[in-house]
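The values are calculated or read from the model by the stated rules, or taken from the named source; none is laboratory data. Only a predicted model underlies this, so the values are computations on that prediction, with no experimental measurement involved. Using ideal geometry, Cβ is built from the backbone for each residue, glycine included, and neighbour counts are taken over all protein chains shown.
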Amino acid sequence: MSQRDVRREQLLAVAVERFAKHGYHRTKISDIVEQAGVSQGTFYWHFKSKQEIALEIIRAGREGLLAVINQGYPTEGRSVEEMVRRSQRLLKNIFEFAAENRYFMELLLTESGAEDVIRVAIRETRIDMQTAFRSNIKRAVELDMLPNTIDLDMRSAFLVSLLEGVIARWLIGPVVDESKLQQLSPEELAAETVRFEFFGLLGI
(Lines give C-alpha, C1' and ligand atoms only; values in the text may rest on other atoms or scores of the structure.)
Protein backbone atom coordinates (compact mmCIF):
# COMPACT_ATOMS: atom_id res chain seq x y z
CA MET A 1 0.00 0.00 0.00
CA SER A 2 1.37 3.39 -1.00
CA GLN A 3 1.89 6.22 1.47
CA ARG A 4 -1.03 8.03 -0.16
CA ASP A 5 -3.30 5.02 0.39
CA VAL A 6 -2.12 4.75 3.99
CA ARG A 7 -3.07 8.37 4.62
CA ARG A 8 -6.47 7.86 3.01
CA GLU A 9 -7.22 4.82 5.16
CA GLN A 10 -6.03 6.71 8.23
CA LEU A 11 -8.42 9.57 7.50
CA LEU A 12 -11.31 7.15 6.99
CA ALA A 13 -10.55 5.36 10.27
CA VAL A 14 -10.36 8.60 12.25
CA ALA A 15 -13.48 10.04 10.61
CA VAL A 16 -15.70 7.02 11.28
CA GLU A 17 -14.54 6.90 14.90
CA ARG A 18 -15.33 10.59 15.43
CA PHE A 19 -18.68 10.35 13.63
CA ALA A 20 -19.63 7.42 15.87
CA LYS A 21 -18.40 8.94 19.12
CA HIS A 22 -19.30 12.60 18.64
CA GLY A 23 -21.91 12.60 15.86
CA TYR A 24 -21.63 13.71 12.26
CA HIS A 25 -22.72 17.32 12.83
CA ARG A 26 -20.44 17.85 15.81
CA THR A 27 -17.39 16.55 13.95
CA LYS A 28 -15.35 19.07 11.99
CA ILE A 29 -12.73 18.44 9.36
CA SER A 30 -10.26 20.17 11.68
CA ASP A 31 -11.05 17.51 14.32
CA ILE A 32 -10.34 14.72 11.85
CA VAL A 33 -7.02 16.10 10.61
CA GLU A 34 -5.85 16.94 14.12
CA GLN A 35 -6.47 13.39 15.35
CA ALA A 36 -4.94 11.92 12.19
CA GLY A 37 -1.90 14.18 12.50
CA VAL A 38 -2.15 15.52 8.96
CA SER A 39 -2.82 18.89 7.37
CA GLN A 40 -6.16 20.04 6.01
CA GLY A 41 -4.50 20.06 2.59
CA THR A 42 -3.92 16.33 2.95
CA PHE A 43 -7.59 15.83 3.76
CA TYR A 44 -8.71 17.79 0.71
CA TRP A 45 -6.27 15.86 -1.47
CA HIS A 46 -8.34 12.75 -0.73
CA PHE A 47 -11.84 14.07 -0.06
CA LYS A 48 -13.74 17.14 -1.23
CA SER A 49 -15.78 17.51 1.96
CA LYS A 50 -16.90 15.94 5.22
CA GLN A 51 -19.96 14.67 3.39
CA GLU A 52 -17.81 12.86 0.84
CA ILE A 53 -15.74 11.03 3.45
CA ALA A 54 -18.91 10.04 5.32
CA LEU A 55 -20.48 8.65 2.15
CA GLU A 56 -17.30 6.69 1.38
CA ILE A 57 -17.36 5.20 4.89
CA ILE A 58 -20.98 4.12 4.41
CA ARG A 59 -20.35 2.79 0.89
CA ALA A 60 -17.38 0.66 1.96
CA GLY A 61 -19.13 -0.53 5.10
CA ARG A 62 -22.26 -1.49 3.17
CA GLU A 63 -20.19 -3.40 0.62
CA GLY A 64 -18.40 -5.36 3.34
CA LEU A 65 -21.53 -6.09 5.35
CA LEU A 66 -23.53 -7.29 2.34
CA ALA A 67 -20.64 -9.51 1.26
CA VAL A 68 -20.87 -11.26 4.64
CA ILE A 69 -24.67 -11.61 4.51
CA ASN A 70 -24.55 -12.95 0.95
CA GLN A 71 -22.31 -15.81 2.10
CA GLY A 72 -25.40 -17.23 3.76
CA TYR A 73 -27.22 -18.18 0.58
CA PRO A 74 -28.22 -21.86 0.75
CA THR A 75 -26.96 -23.86 -2.22
CA GLU A 76 -28.85 -27.09 -1.73
CA GLY A 77 -31.62 -28.54 0.38
CA ARG A 78 -30.56 -29.65 3.83
CA SER A 79 -32.19 -30.63 7.12
CA VAL A 80 -33.56 -28.16 9.64
CA GLU A 81 -30.60 -28.99 11.88
CA GLU A 82 -28.18 -28.06 9.11
CA MET A 83 -30.14 -24.86 8.49
CA VAL A 84 -29.72 -23.92 12.15
CA ARG A 85 -25.98 -24.59 11.94
CA ARG A 86 -25.74 -22.57 8.73
CA SER A 87 -27.60 -19.67 10.34
CA GLN A 88 -25.28 -19.78 13.33
CA ARG A 89 -22.21 -19.63 11.08
CA LEU A 90 -23.69 -16.71 9.16
CA LEU A 91 -24.52 -14.76 12.31
CA LYS A 92 -21.07 -15.47 13.74
CA ASN A 93 -19.56 -13.93 10.60
CA ILE A 94 -21.88 -10.92 10.87
CA PHE A 95 -21.00 -10.37 14.54
CA GLU A 96 -17.30 -10.69 13.74
CA PHE A 97 -17.71 -8.06 11.01
CA ALA A 98 -19.57 -5.83 13.47
CA ALA A 99 -16.82 -6.18 16.09
CA GLU A 100 -14.11 -5.42 13.53
CA ASN A 101 -16.10 -2.45 12.20
CA ARG A 102 -17.55 -1.21 15.46
CA TYR A 103 -17.60 2.48 14.57
CA PHE A 104 -19.24 1.88 11.20
CA MET A 105 -21.95 -0.19 12.89
CA GLU A 106 -22.45 2.50 15.54
CA LEU A 107 -22.80 5.11 12.79
CA LEU A 108 -25.23 2.86 10.93
CA LEU A 109 -27.42 2.11 13.94
CA THR A 110 -27.39 5.36 15.91
CA GLU A 111 -26.71 8.37 13.67
CA SER A 112 -29.85 10.45 13.30
CA GLY A 113 -28.46 13.98 13.30
CA ALA A 114 -26.64 13.88 9.98
CA GLU A 115 -27.64 15.83 6.91
CA ASP A 116 -30.23 14.37 4.55
CA VAL A 117 -27.85 12.76 2.08
CA ILE A 118 -26.06 10.89 4.88
CA ARG A 119 -29.33 9.73 6.45
CA VAL A 120 -30.50 8.51 3.04
CA ALA A 121 -27.28 6.51 2.55
CA ILE A 122 -27.67 4.96 6.02
CA ARG A 123 -31.33 4.14 5.35
CA GLU A 124 -30.49 2.55 2.00
CA THR A 125 -27.81 0.42 3.66
CA ARG A 126 -30.29 -0.91 6.20
CA ILE A 127 -32.80 -1.60 3.42
CA ASP A 128 -30.08 -3.45 1.49
CA MET A 129 -29.46 -5.59 4.58
CA GLN A 130 -33.12 -6.59 4.71
CA THR A 131 -33.17 -7.29 0.96
CA ALA A 132 -30.14 -9.58 1.30
CA PHE A 133 -31.75 -11.51 4.15
CA ARG A 134 -34.97 -11.71 2.17
CA SER A 135 -33.03 -13.35 -0.67
CA ASN A 136 -31.52 -15.83 1.79
CA ILE A 137 -34.95 -16.74 3.14
CA LYS A 138 -36.45 -16.97 -0.35
CA ARG A 139 -33.68 -19.36 -1.40
CA ALA A 140 -34.36 -21.52 1.66
CA VAL A 141 -38.05 -21.65 0.69
CA GLU A 142 -37.14 -22.68 -2.87
CA LEU A 143 -35.07 -25.53 -1.45
CA ASP A 144 -37.99 -26.66 0.77
CA MET A 145 -36.02 -25.78 3.89
CA LEU A 146 -38.81 -23.38 4.93
CA PRO A 147 -42.56 -23.45 4.17
CA ASN A 148 -43.65 -21.47 1.11
CA THR A 149 -46.43 -19.83 3.12
CA ILE A 150 -44.16 -17.52 5.07
CA ASP A 151 -44.19 -13.78 4.46
CA LEU A 152 -40.69 -13.03 3.15
CA ASP A 153 -40.87 -9.30 3.79
CA MET A 154 -42.15 -9.71 7.34
CA ARG A 155 -39.63 -12.42 8.23
CA SER A 156 -36.66 -10.51 6.82
CA ALA A 157 -37.78 -7.31 8.60
CA PHE A 158 -38.08 -9.13 11.92
CA LEU A 159 -34.72 -10.87 11.47
CA VAL A 160 -32.85 -7.67 10.63
CA SER A 161 -34.53 -5.86 13.53
CA LEU A 162 -33.40 -8.64 15.86
CA LEU A 163 -29.82 -8.45 14.59
CA GLU A 164 -29.67 -4.67 14.74
CA GLY A 165 -30.92 -4.72 18.32
CA VAL A 166 -28.48 -7.43 19.40
CA ILE A 167 -25.52 -5.70 17.74
CA ALA A 168 -26.45 -2.31 19.20
CA ARG A 169 -26.67 -3.65 22.75
CA TRP A 170 -23.61 -5.88 22.38
CA LEU A 171 -21.34 -3.15 21.03
CA ILE A 172 -22.92 0.09 22.23
CA GLY A 173 -25.28 -0.64 25.13
CA PRO A 174 -27.03 -0.06 27.36
CA VAL A 175 -27.70 -3.50 28.80
CA VAL A 176 -28.99 -4.56 32.20
CA ASP A 177 -26.03 -6.81 32.93
CA GLU A 178 -22.96 -5.93 30.87
CA SER A 179 -21.08 -8.95 32.17
CA LYS A 180 -23.45 -11.28 30.31
CA LEU A 181 -24.15 -9.76 26.91
CA GLN A 182 -21.22 -7.49 26.14
CA GLN A 183 -18.64 -10.09 27.10
CA LEU A 184 -19.95 -12.76 24.74
CA SER A 185 -17.75 -13.73 21.80
CA PRO A 186 -19.21 -13.50 18.27
CA GLU A 187 -19.60 -17.29 18.27
CA GLU A 188 -21.41 -17.34 21.62
CA LEU A 189 -23.60 -14.42 20.58
CA ALA A 190 -24.48 -16.19 17.32
CA ALA A 191 -25.51 -19.33 19.21
CA GLU A 192 -27.77 -17.34 21.56
CA THR A 193 -29.31 -15.34 18.69
CA VAL A 194 -30.01 -18.41 16.56
CA ARG A 195 -31.56 -20.16 19.55
CA PHE A 196 -33.89 -17.18 19.99
CA GLU A 197 -34.48 -16.87 16.22
CA PHE A 198 -35.67 -20.46 15.88
CA PHE A 199 -37.14 -21.19 19.31
CA GLY A 200 -38.07 -17.80 20.76
CA LEU A 201 -38.62 -17.35 24.47
CA LEU A 202 -39.03 -21.11 25.00
CA GLY A 203 -35.27 -21.49 24.39
CA ILE A 204 -35.56 -25.21 23.70
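A compact table of results
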quantity	calculated
Some residue of the range 46-58 being assigned to a helix (DSSP H, G or I), surrounded by 16 or more Cβ atoms within 10 Å (Cβ to Cβ) and modelled with pLDDT under 95	no
Top-ranked residue of the range 23-41 - restricted to ones that are β-branched (Val, Ile, Thr) and crowded, with 17+ Cβ neighbours inside 10 Å, ranked as farthest from Asn101 (Cα to Cα)	Val38
Arg62, sole failed condition from (1) out of contact with any Ser or Thr (no Cβ under 6 Å at 6 or more places or on another chain); (2) crowded, with 18+ Cβ neighbours inside 10 Å; (3) assigned to a helix (DSSP H, G or I)	(1)
Residues that are at pLDDT 95 or above and surrounded by fewer than 14 Cβ atoms within 10 Å (Cβ to Cβ), drawn from the range 65-74	Ala67
Check on Ala20, surrounded by 17 or more Cβ atoms within 10 Å (Cβ to Cβ) and either at pLDDT below 95 or not in a helix (DSSP H, G or I) (or both)	yes
Only one of Arg169, Arg155 that is of a type in the set (Lys, Arg), touching a Leu at 6+ places or on another chain (Cβ under 8 Å), over 23 Å from Glu56 (Cβ atoms) and part of a helix (DSSP H, G or I)	Arg169
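One line per residue, one yes/no per condition, for (1) in a helix (DSSP H, G or I); (2) among the basic types (Lys, Arg); (3) at pLDDT below 95:
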{"residue": "Glu76", "(1), (2), (3)": "no, no, yes"}
{"residue": "Arg89", "(1), (2), (3)": "yes, yes, yes"}
{"residue": "Val117", "(1), (2), (3)": "yes, no, yes"}
{"residue": "Thr131", "(1), (2), (3)": "yes, no, no"}
{"residue": "Asn136", "(1), (2), (3)": "yes, no, yes"}
